[in-house]
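Asker: Sharing a structure, written as structure tokens. Questions coming.
The values are calculated or read from the model by the stated rules, or taken from the named source; none is laboratory data. In this text the structure is predicted, and so the values were computed from the model without any measurement. Here Cβ is always computed from backbone atoms with ideal geometry, including for glycine, and neighbour counts include all displayed protein chains. Each accessible area value is taken on the protein alone, full model and side chains, heavy atoms only, with ligands, DNA and RNA left out. Shrake-Rupley method; radii C 1.70, N 1.55, O 1.52, S 1.80 Å.
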Amino acid sequence: MMDQPLSFHHIPVMLAPCIEALQLAEGGTYVDATLGGAGHSTEIAKRLTTGRLIGFDRDPAAIRVSGERLAAFGDRIRLINRNFSEIKRTLEELSIEGINGALMDLGVSSHQLDEAERGFSYMQDAPLDMRMNPNDALSAYDVVNTYGEEKLSDIIFAYGEERWAKRIAAFIAEARTQKPIRTTGELVDIIKKAVPKSARKDGPHPAKRTFQAIRIEVNNELGGLKQAVRDFADCLLPGGRLAVITFHSLEDRIVKTAFREMEKGCICPVDYPVCVCGIKSLGRVVTKKPILPDARELAENPRARSAKLRVFEKTGDSTIK
């Protein structure tokens, strides 16, 4: 992977709404929690003079490519090959007490889908992998070939919201008794056999939901997401904003809930005459309804069709307990 050409193809989703939402200040400190191909980061960096940008990505290739693309901005840029869940530890190591804004663009990046050998896409035949960080131990091959049928069914249903989860898991379990399922193409063929023909006439590709579910499991995408959102908000300076782009209902539900709880603050029962928990509101939800891609963006970038942008603004000096 390390000697591949610098060929990330990246179209940043809802770029203009994100830049507007962050209310960038020339001297501010900002975090791109999911660098990808540096599409959002490039536009943020262009607007900084004395400020700085910290970029996170689990994928070493993304760090390498982003480093090339952001090199012109010099020491205003600091790239971190870590999961964004480590935001507090990282800021402490960098002696940064607070940030003016952050962007979290969740889900799989365009280059990971486009690079067949990464095994994310159900449209290209490749080894089953789906690891955002190729150095991680668990791969899609492990999930598909070693998870019990019931556990596999639960994952496909919970993370893929797939109505045919049990049937798909049963077909996978049966197929792997003959030989290991090694490629995305083999998995797609099994899923197509499992999903009734009548259910394949309309809607998305029959493998879409199952591939989403396996990818989420491999990369533990939902584990700790709520806490990470709260940690990022906690790191904001007063007036700072957190913008989060989600691509499916599971992510969006977590972000929406976290934002609502941070705005509400107090968790005491409603019949308590006074607050005894001591938890104060951290700020306000800027987007009462999520911002969606406009028609022009959808025409130019169909992958943006399921994207939702939510924004939270920190107020005062309170912190989350």
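Asker: Scan (1) under 29 Å from Val244 (Cα atoms); (2) touching a Pro at 6+ places or on another chain (Cβ under 6 Å) for the single condition Arg131 breaks and write down its number.
Answerer: (2)
Asker: Might you let me know whether region 241-257 holds any residue that is more than 25 Å from Glu221 (Cα to Cα), without any contact (Cβ under 8 Å) to a residue 60 or more places away in the chain and open to solvent by less than 80 Å² (accessible area, probe 1.4 Å)?
Answerer: Keep residues of region 241-257 that are more than 25 Å from Glu221 (Cα to Cα), which gives none.
Within region 241-257, none of the residues are more than 25 Å from Glu221 (Cα to Cα), without any contact (Cβ under 8 Å) to a residue 60 or more places away in the chain and open to solvent by less than 80 Å² (accessible area, probe 1.4 Å).
Asker: When the residues of region 74-132 are narrowed to those that are within 16 Å of the chain's Cα centre (by Cα), among the aliphatic types (A, V, I, L, M) and open to solvent by 30 Å² or more (accessible area, probe 1.4 Å), which ends up modelled with the lowest pLDDT?
Answerer: Leu113
Asker: Which one is surrounded by the fewest Cβ atoms within 10 Å (Cβ to Cβ), of the residues in region 21-46 that are of a type in the set (S, T, N, Q) and within 18 Å of Leu309 (Cα to Cα)?
Answerer: Applying the first criterion (of a type in the set (S, T, N, Q)) to region 21-46 yields 23, 29, 34, 41-42.
Pick out the ones that are also within 18 Å of Leu309 (Cα to Cα) and you get 23, 34, 41.
Numbers: Gln23: 16, Thr34: 24, Ser41: 27.
It comes out as Gln23.
Asker: On to the next question. Tell me whether region 307-318 contains one or more residues that are within 16 Å of Ile245 (Cβ to Cβ), modelled with pLDDT of 90 or more and open to solvent by 40 Å² or more (accessible area, probe 1.4 Å).
Answerer: In the first step, residues of region 307-318 are kept if they are within 16 Å of Ile245 (Cβ to Cβ); the result is 307-312.
Those still in the list that are modelled with pLDDT of 90 or more too: 307-312.
Remaining after also requiring open to solvent by 40 Å² or more (accessible area, probe 1.4 Å): 308.
There is at least one residue in region 307-318 that is within 16 Å of Ile245 (Cβ to Cβ), modelled with pLDDT of 90 or more and open to solvent by 40 Å² or more (accessible area, probe 1.4 Å).
Each row is one residue, and each column tells you yes or no for (1) at negative phi; (2) in contact with a Pro (Cβ under 9 Å, 6 or more places away or on another chain); (3) part of a helix (DSSP H, G or I).
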residue: Thr257; (1), (2), (3): yes, no, yes
residue: Glu261; (1), (2), (3): yes, no, yes
residue: Cys266; (1), (2), (3): yes, no, no
residue: Val274; (1), (2), (3): yes, no, no
residue: Pro293; (1), (2), (3): yes, yes, no
residue: Glu297; (1), (2), (3): yes, no, yes
residue: Arg303; (1), (2), (3): yes, no, yes
residue: Gly316; (1), (2), (3): no, yes, no
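Asker: Can Arg215 be described as open to solvent by 70 Å² or more (accessible area, probe 1.4 Å), closer than 27 Å to Ala126 by Cβ and either among the aromatic types (Phe, Trp, Tyr) or at pLDDT below 95 (or both)? Please lay out each step first, then the result.
Answerer: On the way: open to solvent by 70 Å² or more (accessible area, probe 1.4 Å): no; closer than 27 Å to Ala126 by Cβ: yes; either among the aromatic types (Phe, Trp, Tyr) or at pLDDT below 95 (or both): yes.
So Arg215 fails the test.
Asker: In region 53-73, how many residues are of a type in the set (Val, Ile, Thr) and without any contact (Cβ under 8 Å) to a residue 40 or more places away in the chain?
Answerer: Adding up the residues that qualify gives 1.
Asker: Then there's this: Would you check which residues across region 263-321 are among the small types (Gly, Ala, Ser) and in contact (Cβ under 8 Å) with a residue 12 or more places away in the chain and list them? Talk me through it step by step, then tell me what you get.
Answerer: Of the residues in region 263-321, the ones among the small types (Gly, Ala, Ser) are 265, 278, 281, 283, 295, 299, 304, 306-307, 316, 318.
Once the filter is applied, which keeps residues that are among the small types (Gly, Ala, Ser) and in contact (Cβ under 8 Å) with a residue 12 or more places away in the chain, region 263-321 yields Gly265, Gly278, Ser281, Gly283, Ala304, Ser306, Ala307, Gly316, Ser318.
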